[in-house]
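Colleague: If you scroll down you'll find the structure; I have some questions about it.
The values are calculated or read from the model by the stated rules, or taken from the named source; none is laboratory data. Keep in mind it's a predicted model, so treat the numbers as computed, not measured. Reconstructed Cβ throughout: ideal geometry from the backbone, glycine too, with neighbour counts over all protein chains shown.
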Amino acid sequence: MRVRFWGVRGSIACPGADTIRYGGNTPCIEVHCGNHVLIFDAGTGLRPLGNALMKNSARREVEIFLTHCHLDHVTGLPFFAPFFVDGYKIGVWAGNLLPAASVEQVMRKIMSSPLFPVEVEIFRAGITFHDFVSGDVLEPYPGVTLRTAPLDHPDGASGYRLEYNGKIFAVISDTSGFPGNRDSELVSLARNADLIVYDATFTEEEIKTRETWGHSTWERGVKLANVANVKQLCLFHHDPSHDDDFMDGLAADAADARPGTITAREGQIIDL
């Protein structure tokens, strides 16, 4: 299992001289399970990922799993190059929309006037849309299991636990725990994982006035990792106001509190 980060910021993309080291693209994580490609979230990092996938003509099937459909997690969808190519098979999944909406409706809304100049019919790939309910167990490929759970976030969100070939990888973003209203779900996603990617948007001081925003802190990530016996914690969904120097200090504090903790950087690769 190989994990690569193409976007690690939350809320809004923030490219610039003071975000070069950690990156300014919004959430997008690529995971290879053998020859299978799974993508978690479709922020602005999805565009360069799509361009990279186009260089490898052998991989023509991709599954995209959205934690939820807030703009920072879906804004890359219209710019994903494989959508425009005959012969690609692409699945788009979401678990927080039923029964009021569907992931296809969300994508059509993004790509509609006056928000966008062309509609989804411009795509040439074979696209399938999959709505599930957080808590469902998914098997996108033989031998690849995705366990899901609801997270504490406005409009709902889904956490993912990916199990493949004896390795466990979890994406737990966006959420306000730990502790929170869904502690048991978080622990079930994280239990004995080789790596968890965790929402660490705010500091403990910042979150005092943002408790209802559905985001968390690195300290809460450390608590979860310790309770769930996680091998390695990775901090993610960095606030756009946190520049590289601030992130250096945050990363050092988190690594002191739990040795081995990683603070995600755009382009970073982790092999499990």
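Colleague: Give just the number: which of (1) within 24 Å of PHE236 (Cβ to Cβ); (2) surrounded by 15 or more Cβ atoms within 10 Å (Cβ to Cβ) does ARG2 not satisfy?
Modeller: (2)
Colleague: What is the number of the single condition among (1) assigned to a helix (DSSP H, G or I); (2) touching a residue at least 24 places away in the same chain (Cβ under 8 Å); (3) among the aromatic types (Phe, Trp, Tyr) that PHE246 does not meet?
Modeller: Failed condition: (2).
Colleague: Based on what the data block shows, is HIS215 in contact with a Ser or Thr (Cβ under 6 Å, 6 or more places away or on another chain), in a loop (DSSP other than H, G, I, E, B) and under 23 Å from LEU151 (Cβ atoms)?
Modeller: So HIS215 passes the test.
Colleague: In segment 233-264, how many are within 19 Å of SER173 (Cα to Cα) and surrounded by fewer than 17 Cβ atoms within 10 Å (Cβ to Cβ)?
Modeller: 1
Colleague: Residues to consider are GLY214, GLY221; find the one that is within 23 Å of ARG265 (Cβ to Cβ) and small (Gly, Ala, Ser).
Modeller: Of GLY214, GLY221, the one residue that is within 23 Å of ARG265 (Cβ to Cβ) and small (Gly, Ala, Ser) is GLY221.
Colleague: Across segment 84-111, what is the total count of residues that are in a helix (DSSP H, G or I) and of a type in the set (Val, Ile, Thr)?
Modeller: 3
Colleague: Hey, among the residues in segment 179-200 that are modelled with pLDDT under 95 and in a loop (DSSP other than H, G, I, E, B), which one's surrounded by the most Cβ atoms within 10 Å (Cβ to Cβ)?
Modeller: So the residue we want is ARG182.
Colleague: Being closer than 13 Å to VAL37 by Cβ and either under 19 Å from the mean Cα position of the chain (by Cα) or not in a helix (DSSP H, G or I) (or both), is that true of even one residue in segment 68-79?
Modeller: So far as segment 68-79 goes, no, none of its residues is closer than 13 Å to VAL37 by Cβ and either under 19 Å from the mean Cα position of the chain (by Cα) or not in a helix (DSSP H, G or I) (or both).
Colleague: Output the number of the condition that PRO15 fails; it satisfies all remaining conditions of (1) surrounded by fewer than 21 Cβ atoms within 10 Å (Cβ to Cβ); (2) assigned to a strand (DSSP E or B); (3) not β-branched (Val, Ile, Thr).
Modeller: It is condition (2) that PRO15 fails.
Colleague: Please find, within segment 18-40, the residue that is surrounded by the fewest Cβ atoms within 10 Å (Cβ to Cβ) out of those that are free of Cβ contacts under 8 Å to residues at least 40 places away in the same chain and under 12 Å from the mean Cα position of the chain (by Cα).
Modeller: Of everything passing the filter in segment 18-40, GLU30 is surrounded by the fewest Cβ atoms within 10 Å (Cβ to Cβ).
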